[in-house]
Amino acid sequence: QVQMVESGGGFVQAGGFLRLSCAASGRTFSIYHMGWFRPAPGKVREFVAVIRRSGGSTYYADSVKGRFTISRDKAKKTVYLQMNSLKTEDTAVYYCAASIVYYSYRSGEYDYWGQGTQVTVSS
């Protein structure tokens with residue numbers, strides 16, 4: 001089992017940047033694919049980005065591609081989401097999630113979730 005705590009959210013003007021962190025507990029962090037999600041109209045959790053357990057590949061939603069970067073530090077058991085060129089439509093609570101099996105954009109295929117961190121982008 002793994003527990004995650006997100007941090008780094010806050011208020012920022014459009015065009016600005018933030019870096020979210022997701023700190024995981026437990027000895028098995030490296031076995032999980034890690035993703036970031038956010039709520040969206042009509043969706044419980046909208047996919048943002050995912051990184052393989054190896055850190056060797058990443059995948060992004062079209063809406064954030066080229067602006068957001070997901071990375072992980074195995075020694076610190078932490079996953080990051082660097083968010084640049086933020087837009088007002090990026091305003092949301094951001095959740096990190098861990099999947100034992102799936103390197104996936106589907107929220108239902110994740111096993112563990114953090115409590116979320118609020119990002120607010122003003123115009």
- request: Give me the percent of the accessible area of the chain that comes from carbon and sulfur atoms, probe 1.4 Å, all protein chains in place.
  value: 50
message: Given contacts defined as C-alpha pairs under 8 Å and at least six residues apart, what's the relative contact order of the chain, whole-number percent?
response: 36
- prompt: Mind listing the phi-derived Karplus ³J(HN,Hα) values for the stretch 105-111, rounded to whole Hz, using 6.51, -1.76 and 1.60 with θ = phi - 60°, and x for any glycine or proline?
  reply: 9, 8, 4, x, 9, 9, 9
field: Probe 1.4 Å, all protein chains present, accessible-area order of D62, D90, largest first
entry: D62, D90
Rg [Å, one decimal], Dmax [Å, integer] - the stretch 32-78, C-alpha atoms: 11.6, 37
- request: Taking a cut-off of 21 Å between Cα atoms, list the lysines near K65, but don't count ones fewer than 8 places away on the same chain.
  value: K43, K87
- prompt: Dimensions of the stretch 63-112 along principal axes (Cα, Å, largest first)?
  reply: 32, 28, 19
- prompt: Any idea how far the Cα center of the stretch 10-28 sits from the one of the stretch 39-80, in Å?
  reply: 11
- line: Percent of all alpha-carbon pairs of the stretch 1-67 at distances over 21 Å, whole number, is 33
query: How long, wide and thick is the chain, going by the Cα atoms along their three principal axes, in whole angstroms, largest first?
result: 41, 29, 25
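Remind me, relative contact order of the stretch 27-84 in percent, using alpha carbon pairs under 8 angstrom and six or more residues apart?
26
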Label-zone membership for the stretch 22-47, site V101, 7 angstrom Cα→C-beta point, backbone N under 18 Å: 31-35
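The values are calculated or read from the model by the stated rules, or taken from the named source; none is laboratory data. Everything quoted here is computed from the prediction, not taken from an experiment. Here the Cβ is made from the backbone with ideal geometry for all residues, glycine too, and neighbour counts use every protein chain on show. Just the protein is used for accessible areas: all its heavy atoms, side chains included, with ligands, DNA and RNA removed. Shrake-Rupley method; radii C 1.70, N 1.55, O 1.52, S 1.80 Å.
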